[in-house]
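**Student:** Questions regarding the structure given below will be posed in turn.
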Amino acid sequence: MTANSTNSPATIDAQKYNLDKTGISDTSASFQKMIDSYPKGSTINLPKGIYKISDIVNLKDGMSLIAGSDVVIEGTGKNTLFATGNDNTFKGIEFQNCSIALRVLYVKGVNITNCRFTNSITYAAIDIYGSSDCTITNSYFYNINKYGIKIDNNSSNITIDKNYFDNPKVFGGYSDSQISGHVYCLSGSNINVTNNILKNSGGQGIIFGYSSTLGKGTTNCIARNNTCTGNGQEGITIYGGVKKLSSGNSIIDNTSKNNRYNQIEVWQSDNNTVSDNTVEESITGLGNLGAICLFTTTGTTVTGNTIVSAQNNGIDITAGSLYNTITNNSIANTNLNNNITAPQKGNAILLDSAGISQPQYTTIRNNKISSSNGIIPKSGIYSTSNSNKYNKIDSNSITGYKSGFHSYAKMTCGM
C-alpha cells in the first residue's frame with residue numbers, strides 16, 4: 001500500500017504496519033508509524049479491532065479516523081491517546097481507559113461524531129484548550145471520572161450537540177459534590193451546548209465558569225434544550241468568581257431536574273438570560289438557596305420559566321444582586337423541605353442578603369405563583385429586608401400561600 005493523496009480514504013493493512021488489533025500488546029509505535037506514512041488530509045478507515053495505545057499518537061492536519069464498526073482505542077489508564085491537528089475528524093470510534101482521550105490544543109476545526117468515551121477515563125474525555133470551530137455531536141460519554149468535555153483558554157465557536165452523558169450512579173457515585181462536570185467550560189466564547197442529555201455527574205451538568213489561573217471567563221455562550229438530571233452540584237451554572245469574569249451567557253429552554261443543589265444558578269456573573277426552562281426538585285433532601293438562584297448578579301433576566309416544585313425557594317435573588325428582572329415565570333409547590341420556621345426558606349420568590357447585602361432595583365412582575373398542595377405556610381414573595389431597596393414588584397398572581405405579597409417585600413418598593 002502506498003501513502004494516499006489528500007482526502008483519499010484508505011483501509012489499514014494491519015499486517016503491513018504490524019498493528020495488533022487484539023488489544024493484547026501495545027501498538028503505539030506501529031499506529032504512529034501508520035499515521036506518519038499518510039499525507040495531511042488523508043482519511044483512514046480503521047478495521048474492526050481493539051488497539052492498545054500506551055503513548056500519545058500525534059495526528060497531522062486534515063486527517064480523519066473513521067470506524068466502520070467495533071473499533072476500540074484503549075489506553076493504559078494514565079495516558080493521552082491522541083493529540084489532534086487542525087481539521088481532524090473522528091467518527092464511530094470508542095475510546096477507553098486513559099487520562100485524556102482527545103487533546104485538542106491550539107487547533108481549529110476538530111469534528112467528533114458518533115464516538116463513544118467509556119470505561120475509566122480519569123481526567124477528560126475531550127480536553128479543548130485554546131482551540132476554535134470544533135464540533136462534538138451524537139456521541140456517548142459514560143463513566144467519566146472527572147470531565148466529559150473540558151474547555152479552556154479562550155476557546156471559541158464550539159458546538160456540543162445531541163450527545164448523551166451519564167455516570168452509572170446518582171451523583172456519579174460520590175457521597176460529596178465534586179469539582180467536575182459533564183460540560184465544563186473554564187474560559188471561552190460562543191460555546192453552544194444544545195440538545196444533550198447530561199445525567200449523574202459528580203459536579204455540574206453544564207457550567208460556564210472561569211479560569212482562576214488564566215484570569216479569563218466565559219462569554220456569549222448558550223445552553224439550550226438540554227436535559228440535566230441527578231448531577232452532584234447544579235444542573236446548569238454560570239459562574240464568574242469575585243471578579244465576575246463570565247458574563248452575557250444564556251440558559252434557554254432546558255429541563256433541570258433533581259440535581260443536588262440549585263437546579264439553575266447564576267453566581268457572580270452579570271447580564272445573563274435564564275428563560276423558558278423547566279425545573280423540578282421532587283426528591284427529598286435536594287435544593288439549596290433556590291431552584292433558580294441569582295447570587296451577586298447584575299442585569300440578569302429570568303423570564304418564562306416553569307418551576308414545578310422546589311425543596312426550598314422557587315427563585316432566590318440574593319447577595320447584593322442588582323437590576324435584575326423576574327417576569328412571567330410560573331412557580332408552584334415550594335417549601336417541600338417544610339422549612340416553616342426559617343423565613344428565608346420555602347418562599348416562591350425570595351429577596352435575601354445572604355449575609356452580604358440586600359438585592360436592589362429588582363423588577364418582579366407578571367409571575368404566576370400557586371400551590372396544588374393546600375396552603376403553603378410561607379410567602380409568595382418575601383424579603384428579609386423591610387426597607388426601601390428601589391424594587392418594582394407588581395402584577396403578580398399569588399394563590400395558595402399563607403402570605404402572598406409579604407409586607408416586607410412591599411416595603412422594599414418604598415411603599
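**Student:** Could you check how many residues of region 362-384 are modelled with pLDDT of 95 or more, under 18 Å from Ser330 (Cβ atoms), outside any strand (DSSP E or B) and open to solvent by 10 Å² or more (accessible area, probe 1.4 Å)?
**Tutor:** Residues in region 362-384 being modelled with pLDDT of 95 or more, under 18 Å from Ser330 (Cβ atoms), outside any strand (DSSP E or B) and open to solvent by 10 Å² or more (accessible area, probe 1.4 Å): 2 in total.
**Student:** How many residues does region 171-185 contain that are buried (at least 17 other Cβ atoms within 10 Å of the Cβ) and either touching a Leu at 6+ places or on another chain (Cβ under 8 Å) or farther than 28 Å from Ser247 by Cα (or both)? Spell out how you get there, then give the answer.
**Tutor:** Pass one, region 171-185, residues buried (at least 17 other Cβ atoms within 10 Å of the Cβ): 171-172, 174, 177-178, 180-185.
Still in the running and either touching a Leu at 6+ places or on another chain (Cβ under 8 Å) or farther than 28 Å from Ser247 by Cα (or both): 172, 174, 182-183.
Final tally of qualifying residues: 4.
**Student:** Considering only residues of region 317-345 that are over 15 Å from Tyr361 (Cα atoms) and in a strand (DSSP E or B), which is least open to solvent (accessible area, probe 1.4 Å)?
**Tutor:** Step one: of region 317-345, the residues over 15 Å from Tyr361 (Cα atoms) are 328-345.
Add one more test, that the residue is in a strand (DSSP E or B), and what stays is 330-332.
Details: Ser330: 41, Ile331: 0, Ala332: 20 Å².
The residue in question is Ile331.
**Student:** Here's a follow-up. Is it the case, given these coordinates, that Ser99 is among the hydroxyl-bearing types (Ser, Thr, Tyr), open to solvent by 30 Å² or more (accessible area, probe 1.4 Å) and assigned to a strand (DSSP E or B)? Please lay out each step first, then the result.
**Tutor:** Values: among the hydroxyl-bearing types (Ser, Thr, Tyr): yes; open to solvent by 30 Å² or more (accessible area, probe 1.4 Å): no; assigned to a strand (DSSP E or B): yes.
Judged against the criteria, Ser99 is not a match.
**Student:** Filter region 134-153 for residues that are open to solvent by 50 Å² or more (accessible area, probe 1.4 Å), over 14 Å from Gly202 (Cα atoms) and either under 16 Å from the mean Cα position of the chain (by Cα) or aliphatic (A, V, I, L, M) (or both) and give the result. Give the steps one after another, and end with the answer.
**Tutor:** Filtering region 134-153 down to residues open to solvent by 50 Å² or more (accessible area, probe 1.4 Å) leaves 138, 140, 142, 145-146.
Still in the running and over 14 Å from Gly202 (Cα atoms): 138, 140.
The answer is Tyr140, and nothing else.
**Student:** Return the pairs, sorted by first residue and then second, in which the second residue is outside any strand (DSSP E or B) and open to solvent by 70 Å² or more (accessible area, probe 1.4 Å), the first residue lies in region 210-226 and is under 26 Å from Thr278 (Cα atoms) and of a type in the set (Ser, Thr, Tyr), the beta carbons are less than 9 Å apart, and the residues are 6+ apart or on different chains.
**Tutor:** From residues that are under 26 Å from Thr278 (Cα atoms) and of a type in the set (Ser, Thr, Tyr), the pairs are Tyr210/Lys243.
**Student:** Okay, moving on. Answer yes or no as to whether Gly77 is part of a loop (DSSP other than H, G, I, E, B), under 28 Å from the mean Cα position of the chain (by Cα) and of a type outside the set (Asp, Glu). Before the answer, list the steps.
**Tutor:** Details: part of a loop (DSSP other than H, G, I, E, B): yes; under 28 Å from the mean Cα position of the chain (by Cα): yes; of a type outside the set (Asp, Glu): yes.
Spelling it out, Gly77 is indeed part of a loop (DSSP other than H, G, I, E, B), under 28 Å from the mean Cα position of the chain (by Cα) and of a type outside the set (Asp, Glu).
**Student:** Let me ask another. Just one of Ser156, Ser131, Ser120 is modelled with pLDDT under 95 and either within 23 Å of Thr218 (Cβ to Cβ) or open to solvent by 30 Å² or more (accessible area, probe 1.4 Å) (or both); which is it? Before the answer, list the steps.
**Tutor:** On the way: Ser156 fails: modelled with pLDDT under 95; Ser131 fails: modelled with pLDDT under 95.
Sole residue among the options that is modelled with pLDDT under 95 and either within 23 Å of Thr218 (Cβ to Cβ) or open to solvent by 30 Å² or more (accessible area, probe 1.4 Å) (or both): Ser120.
**Student:** Just need a number here: residues in region 138-181 that are small (Gly, Ala, Ser) and assigned to a loop (DSSP other than H, G, I, E, B). Steps first, please.
**Tutor:** Of the residues in region 138-181, the ones small (Gly, Ala, Ser) are 139, 148, 155-156, 172-173, 175, 177, 180-181.
Checking the rest, the ones that are also assigned to a loop (DSSP other than H, G, I, E, B) come to 139, 175, 177, 180.
Selection size over region 138-181: 4.
**Student:** Shifting gears a bit: Taking the residues in region 265-297 that are of a type in the set (Val, Ile, Thr) and in contact (Cβ under 8 Å) with a residue 40 or more places away in the chain as candidates, determine which candidate is nearest to Leu351 (Cα to Cα). Explain how you work it out, then say what you get.
**Tutor:** Here is the first cut: in region 265-297, the residues of a type in the set (Val, Ile, Thr) are 266, 273-274, 278-279, 283-284, 292, 296-297.
When the remaining residues are screened for being in contact (Cβ under 8 Å) with a residue 40 or more places away in the chain, the result is 279, 284, 296.
On the way: Val279: 20, Thr284: 24, Thr296: 12 Å.
Per the criteria, the residue is Thr296.
**Student:** Pick from region 207-266 the residues that are of a type in the set (Asp, Glu) and part of a loop (DSSP other than H, G, I, E, B): which of them is least open to solvent (accessible area, probe 1.4 Å)? Show your work before the answer.
**Tutor:** Taking region 207-266 and keeping what is of a type in the set (Asp, Glu), we get 234, 253, 265.
Then keep just the ones that are part of a loop (DSSP other than H, G, I, E, B); that gives 234, 253.
Details: Glu234: 10, Asp253: 76 Å².
Filtering region 207-266 for residues that are of a type in the set (Asp, Glu) and part of a loop (DSSP other than H, G, I, E, B), the one least open to solvent (accessible area, probe 1.4 Å) comes out as Glu234.
**Student:** Sticking with this one: Between Thr297, Thr303, which is surrounded by fewer than 23 Cβ atoms within 10 Å (Cβ to Cβ) and either farther than 25 Å from Pro377 by Cα or among the aliphatic types (A, V, I, L, M) (or both)?
**Tutor:** Working: Thr297 fails: surrounded by fewer than 23 Cβ atoms within 10 Å (Cβ to Cβ).
Unique residue meeting the criteria: Thr303.
**Student:** Being more than 16 Å from Val110 (Cβ to Cβ) and either touching a strand residue (DSSP E or B) at 6+ places or on another chain (Cβ under 9 Å) or open to solvent by less than 20 Å² (accessible area, probe 1.4 Å) (or both) is the requirement here; does Met63 meet it? Quick ask: steps written out before the conclusion?
**Tutor:** Working: more than 16 Å from Val110 (Cβ to Cβ): no; either touching a strand residue (DSSP E or B) at 6+ places or on another chain (Cβ under 9 Å) or open to solvent by less than 20 Å² (accessible area, probe 1.4 Å) (or both): yes.
Answer is no for this residue.
The values are calculated or read from the model by the stated rules, or taken from the named source; none is laboratory data. This one's a predicted model, so the numbers in the text were calculated from it and none came from an experiment. We place every Cβ from the backbone using ideal geometry, glycine too, and count neighbours over all the protein chains shown. The protein model used for the area step is the full one, side chains on, heavy atoms only, and it has no ligands, DNA or RNA in it. Shrake-Rupley method; radii C 1.70, N 1.55, O 1.52, S 1.80 Å.
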